[in-house]
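Q: Right, I'll just put the structure down here and ask away after.
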Amino acid sequence: MKIKILLLFLLISIAGAIPCMAKKAKVKDVMDIIYQVNDYWQSAHPRHGRAFWDNAAYHTGNMEVYFLTQKTEYMNYSLAWAEHNQWKGAKSNDKSKWSSSYGETDEYVLFGDWQICFQTYADLYSVQPEPERIARAREVMEYQMSTSRHNYWWWADGLYMVMPVMTKLYKITENPLYLEKLHEYLAYADSLMYDEEAGLYYRDRKYVYPKHKSVNGKKDFWARGDGWVLAGLAKVLKDLPETDKYRNEYIERFRTLAKSVIACQQPEGYWTRSMLDPEHAPGPETSGTAFFAYGLFWGINNGFLDKKTYELAAKKAWNYLANVALQPDGKVGYVQPIGEKAIPGQIVDANSTAISVSVLFYWLLVSMCVFYRESKFRNIVK
(Lines give C-alpha, C1' and ligand atoms only; values in the text may rest on other atoms or scores of the structure.)
Protein backbone atom coordinates (compact mmCIF):
# COMPACT_ATOMS: atom_id res chain seq x y z
CA MET A 1 0.00 0.00 0.00
CA LYS A 2 1.36 3.39 -0.91
CA ILE A 3 2.66 5.68 1.81
CA LYS A 4 0.03 8.34 1.20
CA ILE A 5 -2.80 5.84 1.62
CA LEU A 6 -1.30 4.58 4.87
CA LEU A 7 -0.88 8.06 6.20
CA LEU A 8 -4.40 8.97 5.13
CA PHE A 9 -5.77 6.10 7.19
CA LEU A 10 -3.46 7.02 10.07
CA LEU A 11 -4.81 10.50 10.30
CA ILE A 12 -8.40 9.35 9.87
CA SER A 13 -7.70 7.34 13.01
CA ILE A 14 -6.35 10.26 14.99
CA ALA A 15 -7.77 13.38 13.37
CA GLY A 16 -10.82 13.28 15.61
CA ALA A 17 -8.55 13.83 18.58
CA ILE A 18 -6.99 17.01 17.24
CA PRO A 19 -9.73 19.35 18.47
CA CYS A 20 -9.87 17.74 21.88
CA MET A 21 -6.09 17.90 22.19
CA ALA A 22 -6.31 21.62 21.66
CA LYS A 23 -9.06 21.82 24.29
CA LYS A 24 -7.39 19.64 26.90
CA ALA A 25 -8.62 16.23 25.93
CA LYS A 26 -9.49 13.52 28.37
CA VAL A 27 -6.82 10.95 29.14
CA LYS A 28 -9.11 8.33 27.60
CA ASP A 29 -9.01 10.23 24.30
CA VAL A 30 -5.23 9.96 24.21
CA MET A 31 -5.45 6.22 24.89
CA ASP A 32 -8.01 5.86 22.12
CA ILE A 33 -5.56 7.44 19.67
CA ILE A 34 -2.84 5.00 20.70
CA TYR A 35 -5.14 2.02 20.21
CA GLN A 36 -6.41 3.26 16.86
CA VAL A 37 -2.96 3.98 15.45
CA ASN A 38 -1.36 0.74 16.58
CA ASP A 39 -4.33 -1.47 15.72
CA TYR A 40 -4.40 -0.08 12.21
CA TRP A 41 -0.70 -0.54 11.65
CA GLN A 42 -0.74 -4.16 12.72
CA SER A 43 -3.86 -5.11 10.80
CA ALA A 44 -2.47 -3.47 7.66
CA HIS A 45 0.88 -5.27 8.00
CA PRO A 46 0.25 -8.94 8.73
CA ARG A 47 3.55 -9.91 7.07
CA HIS A 48 6.73 -9.23 8.99
CA GLY A 49 9.80 -7.51 7.59
CA ARG A 50 13.50 -7.77 8.25
CA ALA A 51 15.22 -6.87 11.53
CA PHE A 52 17.00 -3.79 10.12
CA TRP A 53 16.33 -0.42 11.77
CA ASP A 54 13.57 0.54 9.33
CA ASN A 55 11.33 -2.16 10.81
CA ALA A 56 12.95 -2.60 14.21
CA ALA A 57 12.37 1.00 15.29
CA TYR A 58 8.60 0.46 15.07
CA HIS A 59 8.83 -2.59 17.33
CA THR A 60 10.60 -0.62 20.07
CA GLY A 61 7.56 1.68 19.95
CA ASN A 62 5.14 -1.22 19.87
CA MET A 63 6.66 -2.70 23.01
CA GLU A 64 6.33 0.72 24.66
CA VAL A 65 2.63 0.55 23.84
CA TYR A 66 2.39 -3.01 25.15
CA PHE A 67 3.97 -2.08 28.49
CA LEU A 68 1.56 0.85 28.75
CA THR A 69 -1.61 -1.01 27.76
CA GLN A 70 -0.81 -4.65 28.60
CA LYS A 71 -2.65 -5.60 25.42
CA THR A 72 -1.36 -9.10 24.62
CA GLU A 73 -1.98 -8.75 20.89
CA TYR A 74 0.66 -6.04 20.72
CA MET A 75 3.28 -8.21 22.38
CA ASN A 76 2.37 -11.12 20.12
CA TYR A 77 2.87 -8.96 17.03
CA SER A 78 6.47 -8.21 18.02
CA LEU A 79 6.95 -11.81 19.12
CA ALA A 80 5.95 -13.04 15.65
CA TRP A 81 8.33 -10.52 14.06
CA ALA A 82 11.19 -11.71 16.31
CA GLU A 83 10.48 -15.34 15.43
CA HIS A 84 10.31 -14.44 11.74
CA ASN A 85 13.83 -13.04 12.07
CA GLN A 86 15.05 -16.00 14.16
CA TRP A 87 15.81 -13.63 17.07
CA LYS A 88 18.68 -12.23 15.01
CA GLY A 89 19.71 -9.02 13.32
CA ALA A 90 22.17 -9.62 10.48
CA LYS A 91 22.45 -13.38 10.23
CA SER A 92 26.04 -14.22 9.26
CA ASN A 93 27.78 -16.76 11.51
CA ASP A 94 31.25 -16.16 10.06
CA LYS A 95 32.82 -13.79 12.56
CA SER A 96 35.77 -13.14 10.26
CA LYS A 97 33.38 -11.32 7.94
CA TRP A 98 31.44 -9.36 10.54
CA SER A 99 31.54 -5.63 9.77
CA SER A 100 30.55 -2.45 11.62
CA SER A 101 30.44 -0.16 8.60
CA TYR A 102 27.19 0.68 6.82
CA GLY A 103 25.58 -2.30 5.11
CA GLU A 104 22.21 -3.97 4.75
CA THR A 105 23.35 -7.54 4.09
CA ASP A 106 24.01 -10.31 6.58
CA GLU A 107 27.72 -9.73 7.17
CA TYR A 108 27.11 -6.30 8.77
CA VAL A 109 26.45 -7.89 12.14
CA LEU A 110 28.34 -5.22 14.10
CA PHE A 111 26.57 -2.29 12.45
CA GLY A 112 24.17 -0.69 14.91
CA ASP A 113 21.25 -0.50 12.49
CA TRP A 114 21.19 -4.32 12.66
CA GLN A 115 21.44 -4.30 16.47
CA ILE A 116 18.42 -2.16 17.38
CA CYS A 117 16.28 -5.30 17.09
CA PHE A 118 17.99 -6.58 20.25
CA GLN A 119 16.06 -3.94 22.22
CA THR A 120 12.78 -5.63 21.35
CA TYR A 121 14.18 -9.11 21.90
CA ALA A 122 15.31 -8.03 25.38
CA ASP A 123 11.88 -6.54 26.08
CA LEU A 124 10.24 -9.80 25.03
CA TYR A 125 12.68 -11.69 27.25
CA SER A 126 11.60 -9.52 30.18
CA VAL A 127 8.03 -10.70 29.58
CA GLN A 128 8.97 -14.36 29.27
CA PRO A 129 12.64 -15.13 30.04
CA GLU A 130 13.49 -17.80 27.48
CA PRO A 131 17.26 -17.87 26.79
CA GLU A 132 16.92 -18.23 23.01
CA ARG A 133 15.29 -14.80 22.87
CA ILE A 134 18.55 -13.06 23.71
CA ALA A 135 21.08 -15.73 22.70
CA ARG A 136 22.04 -14.03 19.44
CA ALA A 137 22.00 -10.59 21.04
CA ARG A 138 24.43 -11.78 23.68
CA GLU A 139 26.61 -13.58 21.14
CA VAL A 140 26.93 -10.47 18.99
CA MET A 141 27.34 -7.87 21.71
CA GLU A 142 29.69 -9.98 23.84
CA TYR A 143 31.84 -10.71 20.81
CA GLN A 144 31.91 -6.99 20.04
CA MET A 145 32.86 -6.17 23.62
CA SER A 146 35.67 -8.74 23.52
CA THR A 147 37.47 -6.80 20.81
CA SER A 148 39.90 -3.98 21.53
CA ARG A 149 37.99 -1.61 19.28
CA HIS A 150 35.79 1.18 20.58
CA ASN A 151 34.83 2.92 17.33
CA TYR A 152 31.50 1.18 16.73
CA TRP A 153 29.21 4.20 17.15
CA TRP A 154 30.18 6.74 14.53
CA TRP A 155 26.81 8.34 13.65
CA ALA A 156 24.20 10.03 15.84
CA ASP A 157 21.37 7.66 14.94
CA GLY A 158 23.47 4.75 16.19
CA LEU A 159 23.34 6.06 19.75
CA TYR A 160 19.62 5.34 19.83
CA MET A 161 20.03 2.04 18.03
CA VAL A 162 22.51 0.48 20.44
CA MET A 163 22.93 2.39 23.72
CA PRO A 164 19.65 0.97 25.11
CA VAL A 165 20.72 -2.52 24.03
CA MET A 166 23.65 -2.25 26.43
CA THR A 167 21.54 -1.24 29.43
CA LYS A 168 18.81 -3.77 28.68
CA LEU A 169 21.30 -6.64 28.42
CA TYR A 170 23.05 -5.49 31.57
CA LYS A 171 19.71 -5.53 33.37
CA ILE A 172 19.22 -9.15 32.29
CA THR A 173 22.76 -10.53 32.67
CA GLU A 174 24.27 -8.23 35.33
CA ASN A 175 27.48 -8.39 33.29
CA PRO A 176 29.26 -5.11 34.18
CA LEU A 177 31.11 -5.11 30.85
CA TYR A 178 27.93 -3.87 29.16
CA LEU A 179 28.03 -0.68 31.21
CA GLU A 180 31.78 -0.21 30.82
CA LYS A 181 31.59 -0.60 27.05
CA LEU A 182 28.55 1.66 26.86
CA HIS A 183 30.64 4.41 28.43
CA GLU A 184 33.69 3.62 26.29
CA TYR A 185 31.76 3.57 23.01
CA LEU A 186 29.87 6.75 23.87
CA ALA A 187 33.12 8.51 24.74
CA TYR A 188 34.39 7.66 21.26
CA ALA A 189 31.17 8.91 19.68
CA ASP A 190 31.43 12.12 21.70
CA SER A 191 34.97 12.66 20.46
CA LEU A 192 33.67 12.56 16.89
CA MET A 193 30.29 14.26 17.04
CA TYR A 194 29.62 16.17 20.25
CA ASP A 195 30.05 19.94 20.32
CA GLU A 196 30.70 21.13 23.87
CA GLU A 197 29.92 24.75 23.11
CA ALA A 198 26.54 24.08 21.50
CA GLY A 199 25.63 21.10 23.68
CA LEU A 200 24.46 19.23 20.57
CA TYR A 201 25.56 16.35 18.35
CA TYR A 202 26.57 16.55 14.72
CA ARG A 203 25.12 13.73 12.66
CA ASP A 204 28.65 12.37 12.06
CA ARG A 205 32.14 13.75 11.60
CA LYS A 206 31.47 14.87 8.02
CA TYR A 207 29.36 17.70 9.44
CA VAL A 208 31.68 19.03 12.15
CA TYR A 209 32.24 22.80 12.12
CA PRO A 210 34.16 24.52 10.56
CA LYS A 211 34.80 21.82 7.95
CA HIS A 212 31.07 21.91 7.27
CA LYS A 213 28.89 24.99 7.72
CA SER A 214 25.28 25.94 7.18
CA VAL A 215 24.39 28.33 4.38
CA ASN A 216 24.89 31.22 6.79
CA GLY A 217 28.23 29.97 8.08
CA LYS A 218 26.83 28.48 11.30
CA LYS A 219 27.18 25.10 12.95
CA ASP A 220 24.80 22.64 11.30
CA PHE A 221 23.05 20.26 13.72
CA TRP A 222 20.46 17.95 12.16
CA ALA A 223 17.25 17.85 14.22
CA ARG A 224 16.44 14.20 13.57
CA GLY A 225 19.97 13.17 14.53
CA ASP A 226 19.84 14.99 17.86
CA GLY A 227 16.36 13.57 18.36
CA TRP A 228 17.74 10.04 18.10
CA VAL A 229 20.35 10.92 20.73
CA LEU A 230 17.95 12.54 23.21
CA ALA A 231 15.59 9.56 22.97
CA GLY A 232 18.49 7.12 23.31
CA LEU A 233 19.73 8.81 26.47
CA ALA A 234 16.23 8.68 27.93
CA LYS A 235 16.09 4.94 27.36
CA VAL A 236 19.54 4.48 28.88
CA LEU A 237 18.55 6.34 32.03
CA LYS A 238 15.38 4.27 32.28
CA ASP A 239 17.36 1.03 32.71
CA LEU A 240 20.65 2.26 34.16
CA PRO A 241 21.20 1.20 37.78
CA GLU A 242 21.27 3.96 40.38
CA THR A 243 24.72 2.77 41.42
CA ASP A 244 26.37 3.06 38.00
CA LYS A 245 29.52 5.14 38.34
CA TYR A 246 28.81 7.02 35.12
CA ARG A 247 25.17 7.74 35.84
CA ASN A 248 25.68 11.41 36.66
CA GLU A 249 27.51 11.88 33.36
CA TYR A 250 24.51 10.56 31.42
CA ILE A 251 22.10 12.68 33.44
CA GLU A 252 24.17 15.79 32.82
CA ARG A 253 24.41 15.04 29.11
CA PHE A 254 20.65 14.47 28.89
CA ARG A 255 19.98 17.76 30.65
CA THR A 256 22.51 19.69 28.57
CA LEU A 257 21.05 18.32 25.36
CA ALA A 258 17.50 19.12 26.47
CA LYS A 259 18.55 22.69 27.38
CA SER A 260 20.17 23.17 24.00
CA VAL A 261 17.14 21.71 22.24
CA ILE A 262 14.57 24.05 23.79
CA ALA A 263 16.83 27.03 23.14
CA CYS A 264 16.36 26.64 19.39
CA GLN A 265 12.69 25.62 19.30
CA GLN A 266 10.70 27.82 16.94
CA PRO A 267 7.83 29.90 18.39
CA GLU A 268 5.29 27.65 16.64
CA GLY A 269 6.55 24.61 18.56
CA TYR A 270 8.56 22.81 15.89
CA TRP A 271 12.27 22.54 15.14
CA THR A 272 13.84 23.27 11.78
CA ARG A 273 16.02 20.65 10.11
CA SER A 274 19.20 22.65 10.82
CA MET A 275 18.65 23.49 14.44
CA LEU A 276 20.79 26.63 14.81
CA ASP A 277 20.22 28.06 11.33
CA PRO A 278 16.50 28.12 10.51
CA GLU A 279 17.27 29.71 7.14
CA HIS A 280 19.42 26.75 6.03
CA ALA A 281 16.35 24.61 5.37
CA PRO A 282 13.36 26.67 6.53
CA GLY A 283 10.10 25.46 7.97
CA PRO A 284 8.86 22.74 10.32
CA GLU A 285 10.12 19.17 10.45
CA THR A 286 7.98 16.53 12.13
CA SER A 287 10.33 13.64 12.91
CA GLY A 288 12.83 15.68 14.92
CA THR A 289 10.01 17.48 16.69
CA ALA A 290 8.37 14.17 17.67
CA PHE A 291 11.64 12.89 19.10
CA PHE A 292 12.16 16.06 21.12
CA ALA A 293 8.58 15.92 22.42
CA TYR A 294 9.24 12.36 23.58
CA GLY A 295 12.51 13.26 25.30
CA LEU A 296 11.16 16.37 27.01
CA PHE A 297 8.01 14.71 28.32
CA TRP A 298 9.99 11.67 29.47
CA GLY A 299 12.49 13.88 31.28
CA ILE A 300 9.72 15.80 33.04
CA ASN A 301 7.86 12.61 33.96
CA ASN A 302 10.92 11.04 35.51
CA GLY A 303 12.24 14.03 37.39
CA PHE A 304 15.30 14.70 35.23
CA LEU A 305 13.95 17.96 33.78
CA ASP A 306 12.39 20.81 35.70
CA LYS A 307 8.69 21.09 34.93
CA LYS A 308 8.61 24.89 35.05
CA THR A 309 11.50 25.15 32.59
CA TYR A 310 10.52 22.47 30.09
CA GLU A 311 6.77 21.90 30.18
CA LEU A 312 5.87 24.80 27.90
CA ALA A 313 8.32 23.66 25.22
CA ALA A 314 7.03 20.09 25.43
CA LYS A 315 3.40 21.18 25.17
CA LYS A 316 4.17 23.47 22.23
CA ALA A 317 5.85 20.57 20.44
CA TRP A 318 2.83 18.35 21.09
CA ASN A 319 0.46 21.03 19.84
CA TYR A 320 2.47 21.28 16.63
CA LEU A 321 2.31 17.51 16.15
CA ALA A 322 -1.43 17.36 16.87
CA ASN A 323 -2.56 20.48 15.03
CA VAL A 324 -0.10 21.04 12.19
CA ALA A 325 1.74 17.82 11.35
CA LEU A 326 -1.51 15.84 11.62
CA GLN A 327 -3.72 17.52 9.06
CA PRO A 328 -7.48 17.44 8.45
CA ASP A 329 -7.08 15.87 4.99
CA GLY A 330 -5.39 12.78 6.38
CA LYS A 331 -1.69 13.43 5.86
CA VAL A 332 1.14 13.50 8.38
CA GLY A 333 3.18 16.24 6.85
CA TYR A 334 6.44 18.14 7.13
CA VAL A 335 8.48 14.95 7.27
CA GLN A 336 11.94 15.12 5.76
CA PRO A 337 12.78 12.07 3.60
CA ILE A 338 15.21 9.50 4.98
CA GLY A 339 18.68 11.00 4.93
CA GLU A 340 21.40 12.35 7.18
CA LYS A 341 21.36 16.12 6.90
CA ALA A 342 19.32 19.26 6.33
CA ILE A 343 19.38 19.97 2.59
CA PRO A 344 19.04 23.59 1.40
CA GLY A 345 16.32 23.89 -1.21
CA GLN A 346 14.70 20.54 -0.37
CA ILE A 347 10.97 21.08 -0.09
CA VAL A 348 9.44 19.77 3.13
CA ASP A 349 5.82 20.84 3.40
CA ALA A 350 2.36 19.64 4.33
CA ASN A 351 2.54 17.05 1.55
CA SER A 352 5.93 15.68 2.60
CA THR A 353 5.41 12.19 3.98
CA ALA A 354 8.28 10.35 2.28
CA ILE A 355 9.86 8.36 5.08
CA SER A 356 9.70 4.76 6.21
CA VAL A 357 6.12 4.47 7.39
CA SER A 358 7.03 2.05 10.17
CA VAL A 359 9.42 4.64 11.58
CA LEU A 360 6.79 7.36 11.35
CA PHE A 361 4.41 5.14 13.30
CA TYR A 362 7.15 4.61 15.86
CA TRP A 363 7.67 8.34 16.37
CA LEU A 364 3.95 8.91 16.74
CA LEU A 365 3.47 5.98 19.10
CA VAL A 366 6.26 6.84 21.51
CA SER A 367 5.26 10.51 21.52
CA MET A 368 1.66 9.57 22.30
CA CYS A 369 2.68 7.09 25.00
CA VAL A 370 4.84 9.57 26.81
CA PHE A 371 2.24 12.32 26.32
CA TYR A 372 -0.34 9.99 27.88
CA ARG A 373 1.88 9.38 30.89
CA GLU A 374 2.62 13.08 31.23
CA SER A 375 -1.07 13.89 30.86
CA LYS A 376 -2.07 11.35 33.47
CA PHE A 377 0.52 12.23 36.07
CA ARG A 378 0.94 15.96 35.45
CA ASN A 379 -2.66 16.81 34.62
CA ILE A 380 -1.88 18.39 31.24
CA VAL A 381 -5.15 17.02 29.93
CA LYS A 382 -8.27 16.56 32.00
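Q: In this structure, does GLY217 turn out to be without any contact (Cβ under 8 Å) to a residue 24 or more places away in the chain and either in a helix (DSSP H, G or I) or surrounded by fewer than 24 Cβ atoms within 10 Å (Cβ to Cβ) (or both)?
A: Criteria met by GLY217.
Q: I need a count of the residues in region 157-185 that are within 24 Å of ALA57 (Cα to Cα) and not in a helix (DSSP H, G or I).
A: 0
Q: I've got another one for you. Contact list please: Cβ distance under 7 Å, first residue in region 191-212 and closer than 17 Å to ARG224 by Cβ, second residue at pLDDT below 95 and surrounded by fewer than 16 Cβ atoms within 10 Å (Cβ to Cβ), pairs at least six apart or on different chains.
A: Once the first residue is closer than 17 Å to ARG224 by Cβ and sits in region 191-212, its partners that are at pLDDT below 95 and surrounded by fewer than 16 Cβ atoms within 10 Å (Cβ to Cβ) give ARG203/GLU340.
Q: Which residue pairs have Cβ atoms closer than 6 Å, lie 6 or more positions apart in sequence or on different chains, and pair a first residue in region 161-172 that is in contact (Cβ under 8 Å) with a residue 24 or more places away in the chain and closer than 17 Å to ASP226 by Cβ with a second residue that is part of a helix (DSSP H, G or I) and among the polar types (S, T, N, Q)?
A: Once the first residue is in contact (Cβ under 8 Å) with a residue 24 or more places away in the chain and closer than 17 Å to ASP226 by Cβ and sits in region 161-172, its partners that are part of a helix (DSSP H, G or I) and among the polar types (S, T, N, Q) give PRO164/GLN119.
Q: Let me ask something else. Just checking, does region 124-140 include any residue being buried (at least 24 other Cβ atoms within 10 Å of the Cβ) and aromatic (Phe, Trp, Tyr)?
A: No: region 124-140 contains no residue that is buried (at least 24 other Cβ atoms within 10 Å of the Cβ) and aromatic (Phe, Trp, Tyr).
Q: Sticking with this structure for a sec: Has region 317-328 got any residue that is at pLDDT below 85 and part of a loop (DSSP other than H, G, I, E, B)?
A: Looking through region 317-328, at least one residue is at pLDDT below 85 and part of a loop (DSSP other than H, G, I, E, B).
Q: Look at TYR209 and say whether it is over 23 Å from VAL162 (Cα atoms), assigned to a helix (DSSP H, G or I) and not polar (S, T, N, Q).
A: no
Q: Can you name every one of the helices (runs of 4 or more DSSP H) wholly within region 1-116 that holds 3 or more residues which are under 29 Å from MET141 (Cβ atoms), at pLDDT 95 or above and among the small types (Gly, Ala, Ser)?
A: In region 1-116, the matching helices (runs of 4 or more DSSP H) lie at 72-84.
Q: Can you go through TYR188, TYR250 and tell me which one is within 20 Å of the chain's Cα centre (by Cα), closer than 29 Å to ALA137 by Cβ, of a type in the set (Ser, Thr, Tyr) and part of a helix (DSSP H, G or I)?
A: On the way: TYR188 fails: within 20 Å of the chain's Cα centre (by Cα).
Residue meeting the stated conditions: TYR250.
Q: Those residues that are more than 15 Å from the chain's Cα centre (by Cα) and either over 19 Å from TYR201 (Cα atoms) or part of a helix (DSSP H, G or I) (or both), I need them from region 273-289; list them, please.
A: GLU279, PRO282, GLY283, PRO284
Q: Name the residues in region 119-156 that are of a type in the set (Gly, Ala, Ser) and either touching a helix residue (DSSP H, G or I) at 6+ places or on another chain (Cβ under 9 Å) or part of a helix (DSSP H, G or I) (or both), would you?
A: Result: ALA122, SER126, ALA135, ALA137, SER146, ALA156.
Q: Does any residue in region 124-148 that is under 14 Å from TRP87 (Cα atoms) come within less than 8 Å, Cβ to Cβ, of a residue that is part of a helix (DSSP H, G or I) and basic (Lys, Arg) six or more places away or on a different chain, and which pairs are these?
A: Close Cβ pairs (under 8 Å, with a partner that is part of a helix (DSSP H, G or I) and basic (Lys, Arg)) amount to LEU124/ARG133; TYR125/ARG133.
Q: GLU242 versus (1) free of Cβ contacts under 8 Å to residues at least 24 places away in the same chain; (2) under 24 Å from THR60 (Cβ atoms); (3) in contact with an Asp or Glu (Cβ under 9 Å, 6 or more places away or on another chain): which is the lone unmet condition?
A: (3)
Q: So which residues in region 251-305 are touching a residue at least 60 places away in the same chain (Cβ under 8 Å), among the aromatic types (Phe, Trp, Tyr) and either surrounded by fewer than 19 Cβ atoms within 10 Å (Cβ to Cβ) or out of contact with any Pro (no Cβ under 7 Å at 6 or more places or on another chain) (or both), if there are any at all?
A: PHE291, PHE292, TYR294, PHE297, TRP298, PHE304
Q: Quick one: LYS308 ticks every box in (1) among the charged types (D, E, K, R); (2) assigned to a loop (DSSP other than H, G, I, E, B); (3) surrounded by fewer than 17 Cβ atoms within 10 Å (Cβ to Cβ); (4) at pLDDT 85 or above except a single one, so which number is it?
A: (2)
The values are calculated or read from the model by the stated rules, or taken from the named source; none is laboratory data. Every value quoted in this text rests on a predicted model; they were computed, and no experiment measured them. Because the Cβ atoms are built from the backbone with ideal geometry, glycine has one as well, and the counts that use them run over all protein chains shown.
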